[in-house]
Amino acid sequence: MSGFLDGIRCGDCECNVDWGEKRNTIASIAAGVLFFTGWWIIIDAAIMYPKEEQFHHAYHTCGVIATIAFLMINAVSNGQVRGDSYSDGCLGQTGARVWLFIGFMLAFGSLIASMWILFGGFVVTDHKDLSVYPGIAVFFQNAFIFFGGLVFKFGRTEDLWQ
């Protein structure tokens, strides 16, 4: 899956840019922009709705868990998961796979929890004067962090590191 961008042609121009050399840079920048955008959205919602009745401070938990999952997913290299790594590490290949699985479970869990917060706390509610924007911000924060983690994990290649 990490080579799906290699065969894309960007028109029939004569520039012939070698994207393979810049792949890690582009994926890292794209993932950073997605991660930053997610946190920027939730900071905006927290500033716009500072009162506890408008936006509960406990809703930030999903974003924190998504950030931890982002770090967990990208802390393990693909070589460690496949067993191609030079060192076994603490638990070897099985430990790397369990760590990656827990990271993905946290990422999916925070995304699902943000949908629950959006619909349960803001869309289907008895308070008609309550704005929906904080719920949308919680969901988009987690979605941007989740997709940023996927871009950072699968958008880069380890072949350029050697």
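In sequence order, segment 94-108 has phi-based couplings of 5, x, 5, 5, 5, 4, 5, 4, 5, x, 5, 5, 5, 5, 5 Hz under the Karplus curve 6.51 cos²θ - 1.76 cosθ + 1.60, θ = phi - 60°, and Gly or Pro positions carry x. Put a dot 7 Å past the Cα of MET115, heading toward its Cβ, do the same for THR157, and the two dots end up 3.4 nm apart.
For segment 110-151, the pair-distance distribution built from all alpha carbon pairs, in bins 5 Å wide starting at 0, is 6, 27, 26, 18, 12, 7, 3, 1 percent. Normalised by 2.2 N^0.38 Å, where N is the number of residues, the C-alpha radius of gyration of segment 27-156 stands at 1.22. Ranked by how many other Cβ atoms sit within 10 Å of their own Cβ, fewest first, the residues SER77, SER114 fall in the order SER77, SER114.
A short reminder: the numbers here are calculations on the coordinates, not readings from a lab. These numbers were taken from a predicted model, which means no experiment stands behind them. Cβ: placed from backbone, ideal geometry, glycine included. Neighbour counts: every protein chain shown.
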